[in-house]
Amino acid sequence: MQESDQFSFLSELMDMVPHLYKLLFQSVQTTEVSSLPATQLRALFIVTKNGTQSMSSLADLLSIPRQQLTKVVHALVEKQLVRRKINAANRRMIMIEASEKGEELMQKILQSNISQCSAYFEALTPEEQQTLCKAMVIVKNVLVPAFSDQNV
């Protein structure tokens, strides 16, 4: 890919991120399903989708300092949406896992989000929807291993 193409690609990707964030995380805030602040919602989503996470990896995935994550996790624990566990292999490592209540809430949130988001994508043809899905898989397949190498 030429440098001008790379610049265009990255520019479009950076432009898309706030819109996706708003669509996926802020739009759900207006529903009665969730009263979680966006950072708590993102943390719960990561833990329910990816399984138990260490505090460090969760902070990295959320791009927030561990000190801020401690407050986020504390709020989720108080709402009984996640649990803290001690890592059996390294007793100093705190692991975060979703509770059954957290899993159920995330399912409700995702159902609500599907209803809200589907209207935006109805204008796409089935072929365009497939192309968009394939593009997202390609981007994910590039990004996930890159950040996994950084212990995320």
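General observations
- Label corresponding to Rg/Rh (Cα atoms, Kirkwood Rh) when calculated from the structure given, among (i) 0.93; (ii) 1.01; (iii) 0.95: (ii)
- Extension gain, Lys49 to Ala135, is 28.9 nm, computed as 0.36 nm per intervening residue step minus the present C-alpha separation.
- The dipole here belongs to the stretch 99-145: it is taken about the Cα centre, uses +1 on the Cβ of Lys and Arg and -1 on the Cβ of Asp and Glu, and is about 140 debye.
- Note: relative contact order over the stretch 1-143, using C-alpha pairs below 8 Å and six or more positions apart, is 23 percent.
- Shown in residue order for the stretch 89-94 are the 3J(HN,Hα) couplings computed by the Karplus curve 6.51 cos²θ - 1.76 cosθ + 1.60 at θ = phi - 60°: 7, 9, 5, 7, 8, 8 Hz (x for Gly and Pro).
- Cα-based helix-to-principal-axis angle, 66-78 vs the chain, degrees rounded to 10: 70 degrees
Here, each number is a calculation from the coordinates, and none is a lab measurement. These numbers come from a predicted model, not from an experiment. Note: ideal-geometry Cβ built from the backbone for every residue, glycine included; neighbour counts use all protein chains shown.
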